[in-house]
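Inspection log for the structure reproduced underneath, given as structure tokens.
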Amino acid sequence: MTRHLALIALLLAACGTTTSGVGDINDLATLTETYGCGTGFWIGNPDETTALRIAYQGDGPPPASVVLPDPAWTAEMVDGRDLYANWCDDVIEPGEPEPQRARVLPVVSGELEIIGEPPAPFQGGSLSVRASNLVLDIGGGETHALGDVEIVNPSWGFFAG
């Protein structure tokens with residue numbers, strides 16, 4: 001029995017997920033694809049079924065450091081399908097996939113450190129964030145420590161149009 005439990009633990013670790021009361025939560029290491037555009041930081045896995053999205057909705061340039069939660073920021077882990085389909089695209093052609101969100105887990109605590117200076121508005125340029133100690137609300141009063149990640153938005157402030 002112990003051998004079977006050890007094997008299951010190894011298989012779960014190899015898949016890059018952890019099990020919680022709401023099912024599997026992808027490890028940040030599986031989110032290897034970055035996406036630009038807008039005023040936020042976006043990463044996902046290659047098959048676009050899991051995404052971490054940290055969006056700045058404040059006025060002016062973002063502050064150099066932030067403790068979450070903060071009213072100017074939203075952060076969430078999203079599971080679904082085609083999560084970055086037509087990302088930063090203002091024209092969706094017939095037959096093109098559209099994002100389907102199946103589960104959204106809010107980030108309820110953590111710290112953000114902006115790396116570099118934000119580009120001028122609507123000019124588009126690179127900006128990075130170091131997100132640390134991120135914690136998800138998984139429901140029922142439970143949380144899940146997500147960890148740390150650095151994300152680059154290669155076109156901060158650029159919007160489709």
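Electrostatic tally near Asp82: other residues with Cβ closer than 15 Å to its Cβ, Lys and Arg +1, Asp and Glu -1, net -4. Here the extension length gained between Asp70 and Gln123 equals 16.5 nm, from 0.36 nm per residue of separation less the Cα-Cα distance. Taking a ≥ b ≥ c as the square roots of the eigenvalues of the Cα gyration tensor, the stretch 101-151 is prolate, since a/c reaches 1.5 or more and a/b is larger than b/c. Projecting label points 7 angstrom from Cα along Cα→Cβ for Ala102 and Glu33 puts them 1.6 nm apart. Each residue of the stretch 135-150 was assigned a 3J(HN,Hα) from its phi angle through the Karplus curve 6.51 cos²θ - 1.76 cosθ + 1.60 (θ = phi - 60°); the sequence is 10, 9, 8, 9, x, x, x, 9, 10, 9, 6, 8, x, 10, 7, 10 Hz, with glycine and proline shown as x. P(r) for the stretch 25-156, from all Cα pairs and a bin width of 5 Å, is 2, 10, 20, 23, 20, 14, 7, 2, 0 %, short bins first. As a proxy for reagent exposure, Ser155, Ser132, Ser65 were ordered by neighbouring Cβ count within 10 angstrom, fewest first; the result is Ser65, Ser132, Ser155. Applying 0.36 nm per residue to the separation of Asp148 and Val135 and subtracting their alpha-carbon distance, the gain on full extension is 3.7 nm.
Coordinate-derived values only; no laboratory data. Computed from a predicted structure; not experimentally measured. Counting neighbours? That spans all protein chains shown, and the Cβs are built from the backbone with ideal geometry, glycine included.
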